1. Would you pick out the residues in segment 142-175 that are part of a loop (DSSP other than H, G, I, E, B) and of a type in the set (Lys, Arg)?
2. Return a yes/no flag: does segment 256-263 have any residue that is closer than 24 Å to Gly59 by Cβ, among the charged types (D, E, K, R), assigned to a helix (DSSP H, G or I) and in contact (Cβ under 8 Å) with a residue 12 or more places away in the chain.
3. State yes or no: is Leu183 in contact with a strand residue (DSSP E or B) (Cβ under 7 Å, 6 or more places away or on another chain) and either assigned to a helix (DSSP H, G or I) or touching a residue at least 60 places away in the same chain (Cβ under 8 Å) (or both)?
4. Name the residue that is surrounded by the most Cβ atoms within 10 Å (Cβ to Cβ), counting only residues in segment 264-284 that are within 22 Å of the chain's Cα centre (by Cα) and assigned to a loop (DSSP other than H, G, I, E, B).
5. Pull out all pairs, ordered by first then second residue, where Cβ-Cβ is under 7 Å, the residues are six or more apart or on different chains, the first lies in segment 221-236 and is modelled with pLDDT of 95 or more, and the second is among the basic types (Lys, Arg).
6. Suppose we filter segment 118-174 for residues that are under 30 Å from His51 (Cα atoms), surrounded by fewer than 21 Cβ atoms within 10 Å (Cβ to Cβ) and of a type in the set (S, T, N, Q); how many remain?
7. In segment 67-106, what residues are without any contact (Cβ under 8 Å) to a residue 12 or more places away in the chain, acidic (Asp, Glu) and not in a loop (DSSP other than H, G, I, E, B)?
8. Quick check: anything in segment 241-248 in contact (Cβ under 8 Å) with a residue 60 or more places away in the chain, small (Gly, Ala, Ser) and surrounded by fewer than 20 Cβ atoms within 10 Å (Cβ to Cβ)?
Amino acid sequence: MPARLILNADDFGLTRGINRAIAELAAAGALTSATLMANGAAFDDAVAIAHAHPQLGVGCHIVLVDGVPVSPPESIPSLLGPDRKSFRPTLRSFLSALFTGRIRAEEIEREAIAQIKKLHAAGIAVTHIDTHKHAHLFPAVARPLLRAAEQCGIQAIRDPFEPTWSLALHQGDAKRRAAIRLLSALRPRWHAIHARRILTTNGTVAVSATGTLNPQTLARILAALPDSGTYELCCHPGYNDADLDRITTRLRAHREIELNALIAEVPRLRANPASPELIHFGNL
């Protein structure tokens, strides 16, 4: 099969500035997909943008860390942080609870279903699911998420593992690359869980470049794409505005750099006769 590429923006619905960037990229043909946060502060604005750009595939960016649940808090107590109202504030604290058996799989499934159903209720035809901070790398999270996807009729999920050819480009800092390589050991177990149950890609590129995805880095990634296979490029475009100042995120000024990188490089990709077909998860 000829190469195919999904250009997906995470954090849709987090702020109006992120939504505006996604709308501009969709209109410019520089983005094919975005994952919407059901608990995002700018959810309604994101829904309006999604309806205005039907060519944009919209998935559910399931949040289990650093946010507020869609479910009643009393129905998912094992997912809550110290305030008993919101999720644990960091991935590290979430994983600590996960690996010590303090998080209940059925509560992950319950909250994921609630988030997906909120998108459905807003008229969004959900193309796929992924997770905030790639939490579904871990089988204990992936299993209940797959059950939630099946119950909600979702047919695709992000493969959260970066392929070896992309890691070989040495994007981002060495510490992040080393962590990604270490986590790649989970890939066989992950694929065994999802095999024949739900569609996915051959991997996600630019995970190691998160926070450093400038035009030069993006150009190198696009130039290195294999001649066959289906890949997702994960990005986080947005505007660094007052709304973002009120959000806990390590990606601030760099969101505009990613926005400008996509505006500069994706049209060049489209102009190349040998470029991959640009699709969204609904086309898998």
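The values are calculated or read from the model by the stated rules, or taken from the named source; none is laboratory data. Note that the structure is predicted; figures quoted are calculated from it, not measured. Quick reminder, even Gly has a Cβ in these numbers, built from the backbone with ideal geometry, and neighbours come from all protein chains shown.
1. Within segment 142-175, Arg158 is the sole residue that qualifies.
2. Within segment 256-263, one or more residues are closer than 24 Å to Gly59 by Cβ, among the charged types (D, E, K, R), assigned to a helix (DSSP H, G or I) and in contact (Cβ under 8 Å) with a residue 12 or more places away in the chain.
3. For Leu183, the condition - in contact with a strand residue (DSSP E or B) (Cβ under 7 Å, 6 or more places away or on another chain) and either assigned to a helix (DSSP H, G or I) or touching a residue at least 60 places away in the same chain (Cβ under 8 Å) (or both) - is not met.
4. So the residue we want is His280.
5. Thr230/Arg4; Glu232/Arg158; His236/Arg255
6. Total satisfying the criteria: 2.
7. Within segment 67-106, just Glu74 meets the criteria.
8. no
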